[in-house]
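Asker: Take this structure first; my questions come after.
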Amino acid sequence: MIPDYIDPRSGATFPLDQPRWCGEERAPLLLTPLPGLTREQIDPATRSLWRYRAAFPLQSDNPITLGEGATPLIPGSVAGVQVHLKCEWFNPTCSFKDRGASVMLSLLRTQGVDHVLEDSSGNGGAAIAAYAAAGGMAATILTPESTSAAKTLQMRAHGATVELVPGSRQDTADAALARSAEIFYASHNWHPFFLQGTKTLAYELWEDLGFRAPDNVIVPCGAGSNVLGCEIGFSELLRAGQIEFLPRIFAAQPANCAPIAAAFLAGSDEPVATEITPTMAEGTAIARPIRLREVLGALRETRGGAVALTEADIAQATLDLARTGIYVEPTCAQVAVAFAKLLSTGTITAEQTTVLVLTGTGLKATPRIAELMGIAL
């Protein structure tokens, strides 16, 4: 069965035979439910997320791949409790965004798209730039002028046109929407094909854990692509009869920019009043996530939750993880603090199987980590 694009709010559907990034009323789209795959449908000869290609909505004879996925799942200890650490910085551009970029750009190229527009605080833009270059596509990336130089340099090195936008992350998103009539908007926050890439995290964890689901998955959350990807992937596995339950998904957000956590904790399906201020967790600094309702639905459907974290907690977690050999950017160090807090309240228990998703390397946040350590560069 060939799926359709679907506007989850109106129920309107659109065929996949033409490129599309939003609904008629400019609402973000998803895809109609897919059946998932079985163990027998995994391609064992492929060591990348394309081993799960049977679960994708469209097939690409020549996918744009740099070996993304197949990242290590290693044992670790947080708050004195054993956990599983999913090391997503082993992806080619050193963040989980490569999953979505590979699948989205491969499928868009199949649809005839050759120039894409993206807005990003860093990692998403780097991934789109890299995979566009690998696929012979042009890329224009809009990014806040405050984005770390390491990330914008990476985008430029891949040949993307990079435009720095004054103001907040939201100002950059607004600027991209204004440009979307000129260049196809392949936003990692808007396009449903990106979620088809992030859902492979769920498939990979299932395979990593001996073809079973973990009890809990904790992810850093800005716009929610990992929350939604995990919910989509594990739901497909449940539909295919490969797992017996959905793992609980928890979103970790900085208290300085926590619209999803605020709405979840308030029991609301709509945005609630919350103060937005700068945060060192720049990859999750999304003030107005466009899929707020869908992300909240995924957290509730999986019986998960959301945790808001102070800047002091995020800073300490970044350094604490580094002292155990795990060098990650503050954005993803949030999951360690979130785990400790959930553990202290009894929401998560020590005997459960919990995965902490570490989304990006500390090498992309060198100035920030130097600041935390009191070192002048």
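Asker: Can you list, bin by bin at 5 Å, the percent of alpha carbon pairs in segment 1-63, starting at 0?
Answerer: Cα pair-distance distribution for segment 1-63, in percent: 4, 17, 22, 19, 15, 12, 8, 3, 0.
Asker: Same structure again: Provide the solvent-accessible area of E207, counting protein heavy atoms only and rolling a 1.4 Å probe, rounded to the nearest 10 Å².
Answerer: 50
Asker: How much of L177 can a 1.4 Å solvent probe reach, expressed as accessible area in Å² and rounded to 10?
Answerer: My reading of the accessible area for L177 is about 40 Å².
Asker: Something else about it: For segment 28-97, give the magnitude of the charge dipole about the Cα centre (Cβ charges: +1 Lys/Arg, -1 Asp/Glu; no others), in debye to the nearest 20. Walk me through the intermediate numbers first.
Answerer: Values: 6 positive and 5 negative charges, 22 e Å.
Computed about the Cα centre, the dipole is about 100 debye.
Asker: May I ask you to work out the translational diffusion coefficient for segment 73-136 at 25 °C, viscosity 0.890 mPa s, via Stokes-Einstein with Rh from the Kirkwood sum over Cα pairs, reported in whole µm²/s?
Answerer: Working: Rh = 13.3 Å.
Answer, rounded: 185 µm²/s.
Asker: While we're on this one: If you average over every viewing direction, what projected area does the convex hull of the Cα atoms of segment 122-254 give, in nm²?
Answerer: 9.3
Asker: Hey, can you grab everything whose amide H is under 5 Å from the amide H of E329? Only 5+ residues off in sequence or another chain; H modelled, so Pro and N-termini drop out.
Answerer: For E329, the qualifying residues are G360, T361, G362.
Asker: Give the whole-number value, in cubic angstrom per residue, of the convex hull volume spanned by the C-alpha atoms of segment 300-348. Mind dumping the intermediate values first?
Answerer: Numbers: hull volume 4.3 nm³, N = 49.
Cα-based convex hull of segment 300-348, divided per residue, equals 88 Å³.
Asker: Where the centroid of each part is defined by its Cα atoms, how far is segment 62-110 from segment 300-377 in Å?
Answerer: 17
Asker: What are the semi-axes of the equivalent ellipsoid of segment 220-377, taken as the square roots of 5 times the eigenvalues of the Cα gyration tensor, listed largest first and rounded to whole Å?
Answerer: Numbers: eigenvalues 141, 71, 39 Å².
Computed over segment 220-377, the values are 27, 19, 14 Å.
Asker: Mind putting a number on the dipole of segment 297-343 about its Cα centre? Charges go on the C-beta only, +1 for Lys and Arg and -1 for Asp and Glu, and I need it in Debye to the nearest 20. Working shown, then result.
Answerer: Values: 4 positive and 5 negative charges, 41 e Å.
Here segment 297-343 has a charge dipole of around 200 debye.
Asker: If amide hydrogens are placed 1.01 Å from N in the peptide plane, which non-local residues have theirs closer than 5 Å to the one on G305?
Answerer: Correct list: I249, F250, A251.
Asker: Mind listing the long-range amide H neighbours of A139? Cut-off is under 5 Å, sequence gap 5 or more, other chains count too, H placed in the peptide plane at 1.01 Å from N.
Answerer: Result for A139 returns V116, T161.
Asker: Quick one: dipole size for the chain, taken about the Cα centre, charges +1 on Lys/Arg Cβ and -1 on Asp/Glu Cβ, in debye to the nearest 20. Intermediate results must be reported in sequence, preceding the final value.
Answerer: Details: 28 positive and 38 negative charges, 86 e Å.
Here the chain has a charge dipole of around 420 debye.
Asker: Can you tell me the relative contact order of segment 61-189? Whole percent, Cα pairs under 8 Å, sequence separation 6 or more.
Answerer: Reported as a whole number, the value is 22 percent.
Asker: What helices does the chain have that are whole DSSP H segments, at least 18 Å long along their own axis by Cα, and with mean Kyte-Doolittle hydropathy of 1.0 or more? Before the final figure, lay out each step's value.
Answerer: On the way: long enough: 97-110 (20 Å, 0.01); 225-239 (21 Å, 0.53); 330-344 (22 Å, 1.20).
TM-like helix candidates: 330-344.
Asker: Under 24 Å Cα to Cα from K341, which lysines show up? Leave out anything in the same chain fewer than 8 places away.
Answerer: Here the lysines satisfying the reach criterion relative to K341 are K86.
Asker: Further question: Keeping the other protein chains in place, figure out the carbon and sulfur percent of the accessible area of the chain, with a 1.4 Å probe.
Answerer: Taking all protein chains in place, the chain shows 53 percent carbon and sulfur surface.
Asker: Here's something else I'd like to know. Quick check: net charge around I74, other residues with Cβ under 14 Å of its Cβ, Lys/Arg +1 and Asp/Glu -1? Intermediate values should be presented prior to the final figure.
Answerer: Values: positive: K86; negative: E88, E204, D208.
Spelling it out: positives minus negatives among the neighbours equals -2.
Asker: Sticking with this structure for a sec: No solvent, one uniform scatterer per C-alpha: report log10 I(q)/I(0) for the chain via the Debye equation at q = 0.07, 0.13 1/Å, two decimals.
Answerer: Scattering profile of the chain, log10 relative to I(0): -0.26, -1.01.
Asker: Using each residue's phi in segment 32-37, evaluate 6.51 cos²θ - 1.76 cosθ + 1.60 at θ = phi - 60° and report the 3J(HN,Hα) Karplus result to the nearest Hz, with x for Gly and Pro.
Answerer: Those phi angles translate into 4, x, 9, x, x, 9 Hz.
Asker: Answer with one residue from G305, A130, L201: the one whose Cα lies farthest towards the positive end of the charge dipole of the chain, charges on Cβ with Lys, Arg +1 and Asp, Glu -1.
Answerer: Of the candidates, L201 comes out farthest on the positive side.
Asker: Mind checking the per residue accessible area of segment 2-75 for me, 1.4 Å probe, whole number of Å²? Walk me through the numbers on the way to the answer.
Answerer: Values: 3810 Å² over 74 residues.
On a per-residue basis, 52 Å².
The values are calculated or read from the model by the stated rules, or taken from the named source; none is laboratory data. Please read all numbers here as calculations on a predicted model, not as lab measurements. Here Cβ is always computed from backbone atoms with ideal geometry, including for glycine, and neighbour counts include all displayed protein chains. Keep in mind that these areas ignore ligands, DNA and RNA; they rest on the heavy atoms of the full protein, side chains included. Shrake-Rupley method; radii C 1.70, N 1.55, O 1.52, S 1.80 Å.
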